Amino acid sequence: MHRNPADLPAPADAGSPGRDSPGDSASEPAGELASLSVPAPSPNPGCVLGLDFGSRRIGVAVSDPLGITAQPVLTLQRKNLRQDLRSLLRLARKYGCREAVVGEPLYLSGDASPQAERARQFAQALEREGGLPVHLWDERLSTAEAHRYLDAAGRPGNARRDVIDQIAATLILQSFLDARIARKS
């Protein structure tokens, strides 16, 4: 599992011999979130699944096959871990996703919130059960930003619950994709 840093490092020279990326799975201890950089894009990335994990709902978004833009898909009402994973893996297969991004709810200080540990456990279960690489991504203020988008769109407060989590998932995924593209250039 991979985790985003507070500040992204400059991209490493892909042609440098003998340099392993900090997120290289061979150099990571099993079960730890040890990556210090955004993973490099693969030559054929496929879609990326973006998730805003919550205790009652999971917002779902997917990227386009080139990994450039994120689009909202749906809001999954949580049932139990097994059913949630089954539903998400079915969506990953449907859209051809090769990896997933799970929002990590950190405090503004950068410290992990209690929900962050639950998100990490969920991400580990998704990676273990689905065989997909799963990346944790800082989701600070994503829900507040989603509310601002809905305010600008004139969406009333009582109609937000159905879409707020998918908008947050889209914002989390788009942030991840943008960082990946910036690393590439």
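Just so you know, all these numbers are worked out from the coordinates, no wet-lab data involved. As the structure is a prediction and not an experimental result, all values here were calculated from the model. Cβ atoms come from the backbone with ideal geometry, glycine included; neighbour counts cover every protein chain shown.
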Next on the checklist: Just want the ordering: Asp64, Asp111, from fewest to most Cβ atoms lying within 10 Å of their own Cβ.
Outcome noted: Asp111, Asp64
Item to check | region 113-123 - phi-based ³J(HN,Hα) in whole Hz, Karplus 6.51/-1.76/1.60, Gly and Pro as x | outcome: 8, x, 5, 4, 5, 5, 5, 5, 5, 5, 4
Next on the checklist: Cut-off is 10 Å between beta-carbons; in what order do Leu66, Leu74 appear when sorted fewest neighbours first?
Outcome noted: Leu66, Leu74
Checklist outcome for this item: Counting only DSSP beta bridges with both partners in region 43-184, the antiparallel fraction in percent, to the nearest 5, comes to 55
Checklist outcome for this item: For Glu99, other-chain or 5+-apart residues with amide H closer than 5 Å (H placed, Pro excluded) are Leu49
Checklist entry - So who's got an amide H within less than 5 Å of the one on Val62, skipping anything under 5 residues away but keeping other chains? H placed 1.01 Å off N, in plane. => result Gly50, Gln71, Val73
Checklist entry - What's the exposure ranking of Leu108, Leu173, Leu150, going from fewest to most Cβ atoms within 10 Å? => result Leu108, Leu150, Leu173
Checklist entry - Residue-wise, which Karplus ³J(HN,Hα) couplings in Hz belong to region 171-184, taking 6.51 cos²θ - 1.76 cosθ + 1.60, θ = phi - 60°, and x for glycine or proline? => result 5, 4, 5, 5, 4, 4, 5, 4, 5, 5, 5, 4, 5, 5
Checklist entry - Under a plain spin-label model, where a point goes 7 Å from the Cα along Cα-to-Cβ, how far apart in nm are Asp64 and Arg93? => result 2.7
Checklist outcome for this item: Taking a crude spin-label model, label points 7 Å out from Cα along the C-beta direction, the Ser109 to Arg155 distance in nm is 3.2
Checklist outcome for this item: Subtracting the Cα-Cα distance of Glu145 and Lys79 from 0.36 nm times their residue separation yields 21.1 nm
